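The values are calculated or read from the model by the stated rules, or taken from the named source; none is laboratory data. What you are looking at is a predicted structure, and each value in this text was computed from that prediction instead of being measured. Positions of Cβ are backbone-derived with ideal geometry, glycine not excepted, and every protein chain shown enters the neighbour counts.
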Amino acid sequence: MNRRGLCLVVLLALLAIVTVLSLGFGAVSIGPQRIVEILWAEHQSPRPPSDVTIVWELRLPRLLLACLVGCGLGAAGAGYQGLFRNPLADPFVIGASSGAALGATLAIVTGLNVAAPGLGTVPLAALVGALLAVAIVYSVASIGRDVPLLTLLLAGVAVSNFCIAVVSLLMFLHDEKLVTIFGWLMGSLSGRGWAVLHTTAPWILAGVAGLWLLARSLDALTFGEEAASALGLRLARLRAWVVLAASITTAAAVAAGGIIGFVGLVSPHIARLLVGARHAFVIPASGLVGALLLVVADDLARTVTAPAELPVGVVTALLGSPFFLVLLKTRERNPGRGV
Amino acid sequence: MSSLAAQEVSCGYGDRRVLESLSLAVRAGEVVSLLGPNGAGKTTLLRALARLLRPTHGTVLLDGGDIWHLGAGDLSRSVGLMPQSERRDWPLTVEESVQMGRAPHRGWLLPFNADDARVVDEALRNTALLDLRQRPITELSGGEWRRVILARALAQQARVLLLDEPIGGLDLRFQVEMLRLIRELAIREQLAVVLTLHDLNLAAVYSHRIALLSERTLIACGTPEEVLTAELVGRAFSVPVAVTRHPVYGTPLVVPMGDVPQGGGA
């Protein structure tokens, strides 16, 4: 196996270890040995010990969701960075986050009540909002069958600003719901159970797999659009597929955890430092790095101020920004590597 | 035998007409150089030949068939393009970049196989890049990067190569080596090559034919001896020139004769 394949395996192993250890953190501390026992043993008894319930019903689904959401955000970030050939792109670059914010806020202020299996009204509204925003941006930006990247980016900025303005207006008009809205906007995995995981997992996994299948096409884009078309790449089709796969992933991740920033921006950079620039490696590595980051961030979110919880989006931004600056600094010393 | 032919092609961007009713054919085994002043439409013609720009009138034929009727894959297996400048936004390695030339053959999903590896090695060897194969492209000099792009076009195994300023940014040694390699490949592999150049004298040495572009069309097309005359070159570039013989190859040697301000120096 080559070095980069090995890197992926090590990341996966690391993620598994960190996840299992994380099962022990929280209000009730559980040792690693007991965790393995709980995970391995069969639990048929109608009244299992409380630590079994805590691990199986509270912590495991939440941690798996952290893995999944982190993986989706990391991979979607890598996809958008590849598509825009820009290291500043993230999963929310063409409006998914502000669309989700608007959807969620609308659901909160109107007190709408439409639940889907596994998703409450607000997450469902966020999902629809994210997909709608991206769809609007994409259709506004398309000229004939093509979508010029710059137009896509600018339309994304315009639609985002509009959505954020409406969200601000709604918050102003409904100040009694400010806390609820804020709580959702900052992103959190608190209290998520198996149902959310079951509902969002297929979408996130399908989106990540889709992005991975586009890896070689994204490699060709490295050389610019003219060179990529001379290699037989159909640019319009590629753009549509990347936007579709990344948006499904992002929307499902947002529905599961709210708006969690920085994971999608930072993960691809770390991934490129580890496995080089080929997207066939960058996309899975970004997914694994994103999962790892979000599991750790969520650990901090639920332990640092225990018994109270921090919104995980605040933790990722607090840790992510300085971390990103360090990455930039390292890159200055080492031009050409990563970033 | 493959051939690429522009037939009475007119091109433009918006209202601006760049080429008018231009015809040019290139056959297997020959190198055709496009010469002409800046803005004469050399790159536009290459873009039209590569199907990156749809002519407003006329057609481009590959082996007699309209290139606009071909699938993207068929075209990229037959026609390789080296654009004038290329981006390199991510640090792919030299080898990974050249491998992308195999995408037209292997598709966008299947892993590259031993066949591809052999072709890539060959392309790297031909362009003297074997030692640099693991180097990130973001760390290459401009000249090394030009060679990577040529290697990628070679790995594409296209029968027609369109090269936009293949020696731009190269030092003297690599200018000569690049053109020598291109001509050798054209003859040995029976490739049809169209390239743009600014160096008339290197064009005279390494091309089978020269097409002189000026005033939106070809004002001459033929052997270097036929095209590189004082009259035609002077007219195309609006500068007086003298034409003599290359001391070694006997090809035309074009020397500008513009006014030289005197004085200055130490």
query: Has segment B:191-206 got any residue that is surrounded by 14 or more Cβ atoms within 10 Å (Cβ to Cβ), more than 17 Å from the chain's Cα centre (by Cα) and over 23 Å from B:LEU129 (Cα atoms)?
result: no
Selected residue [touching a residue at least 60 places away in the same chain (Cβ under 8 Å), within 13 Å of another protein chain (Cβ to nearest Cβ), within 24 Å of B:GLU8 (Cβ to Cβ) and surrounded by 15 or more Cβ atoms within 10 Å (Cβ to Cβ)] from B:LEU62, B:LEU52, B:LEU75, B:LEU46: B:LEU46
- line: Scanning segment B:90-110 for residues that are buried (at least 19 other Cβ atoms within 10 Å of the Cβ) and among the charged types (D, E, K, R), the one nearest to the other protein chains (Cβ to nearest Cβ) turns out to be B:GLU96
query: Only one of (1) touching a residue at least 24 places away in the same chain (Cβ under 8 Å); (2) facing chain B (nearest Cβ under 9 Å); (3) of a type outside the set (Val, Ile, Thr) is not met by A:LEU170, so which one is it?
result: (2)
field: Near pairs, Cβ below 7 angstrom, 6+ apart or cross-chain, from segment A:322-339 (away from chain B (no Cβ under 14 Å) and loosely packed, with under 14 Cβ neighbours inside 10 Å) to any residue that is at pLDDT below 75 and not in a helix (DSSP H, G or I)
entry: A:LEU328/A:VAL339
- request: Would you point out the residue of segment A:211-235, among those that are facing another protein chain (nearest Cβ under 7 Å) and within 16 Å of B:TRP68 (Cα to Cα), that is farthest from the chain's Cα centre (by Cα)?
  value: A:ALA230
- prompt: Has segment A:46-54 got at least one residue that is in contact (Cβ under 8 Å) with a residue 24 or more places away in the chain and in a helix (DSSP H, G or I)?
  reply: yes
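May I ask you to list the residues in segment A:280-293 that are more than 14 Å from the chain's Cα centre (by Cα) and buried (at least 24 other Cβ atoms within 10 Å of the Cβ)?
Once the filter is applied, which keeps residues that are more than 14 Å from the chain's Cα centre (by Cα) and buried (at least 24 other Cβ atoms within 10 Å of the Cβ), segment A:280-293 yields only A:VAL282.
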- prompt: Do we find that A:ALA277 is farther than 23 Å from A:PRO61 by Cα, surrounded by 24 or more Cβ atoms within 10 Å (Cβ to Cβ) and at pLDDT below 95 in this structure?
  reply: yes
message: Can you pull out every residue in segment B:241-266 that is assigned to a loop (DSSP other than H, G, I, E, B) and surrounded by 13 or more Cβ atoms within 10 Å (Cβ to Cβ)?
response: B:HIS246, B:TYR249, B:THR251
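Matching residues to (1) touching a Gly at 6+ places or on another chain (Cβ under 6 Å); (2) within 20 Å of B:LEU45 (Cα to Cα):
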site: B:ARG135; (1), (2): no, no
site: B:ARG159; (1), (2): no, yes
site: B:GLY169; (1), (2): yes, no
site: B:HIS198; (1), (2): no, yes
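Pick from segment B:230-240 the residues that are surrounded by fewer than 17 Cβ atoms within 10 Å (Cβ to Cβ) and touching a residue at least 12 places away in the same chain (Cβ under 8 Å): which of them is farthest from B:LEU34 (Cα to Cα)?
Among them, the one singled out is B:PRO240.
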task: Say whether the condition of being within 27 Å of B:LEU4 (Cβ to Cβ), over 21 Å from the mean Cα position of the chain (by Cα) and either in a loop (DSSP other than H, G, I, E, B) or among the charged types (D, E, K, R) (or both) is met by at least one residue in segment B:86-106.
output: yes
message: Cβ-Cβ distance below 7 Å, separation of 6 or more or different chains: which pairs start in segment A:235-251 with a residue that is surrounded by fewer than 23 Cβ atoms within 10 Å (Cβ to Cβ) and end on one that is part of a helix (DSSP H, G or I) and among the polar types (S, T, N, Q)?
response: A:LEU235/A:SER229; A:LEU238/A:SER217
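Each row is one residue, and each column tells you yes or no for (1) crowded, with 16+ Cβ neighbours inside 10 Å; (2) under 20 Å from A:VAL304 (Cα atoms); (3) modelled with pLDDT of 85 or more.
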residue: A:MET1; (1), (2), (3): no, no, no
residue: A:GLY31; (1), (2), (3): no, yes, yes
residue: A:ASP51; (1), (2), (3): yes, no, no
residue: A:LEU58; (1), (2), (3): yes, yes, yes
residue: A:ARG62; (1), (2), (3): yes, yes, yes
residue: A:ALA66; (1), (2), (3): yes, yes, yes
Subset of segment B:111-132 [in a loop (DSSP other than H, G, I, E, B), of a type outside the set (A, V, I, L, M, F, W, C) and within 13 Å of chain A (Cβ to nearest Cβ)]: B:PRO111
- prompt: Which of the residues that make up segment A:158-189 are in a loop (DSSP other than H, G, I, E, B) and within 16 Å of the chain's Cα centre (by Cα)?
  reply: A:MET186, A:GLY187, A:SER188, A:LEU189
- prompt: Is it true that some residue in segment B:223-238 is of a type in the set (Val, Ile, Thr) and touching an Asp or Glu at 6+ places or on another chain (Cβ under 8 Å)?
  reply: no
message: Out of the residues in segment A:127-150 meeting the condition of being touching a residue at least 12 places away in the same chain (Cβ under 8 Å) and part of a loop (DSSP other than H, G, I, E, B), tell me which one is farthest from the chain's Cα centre (by Cα).
response: A:ARG145
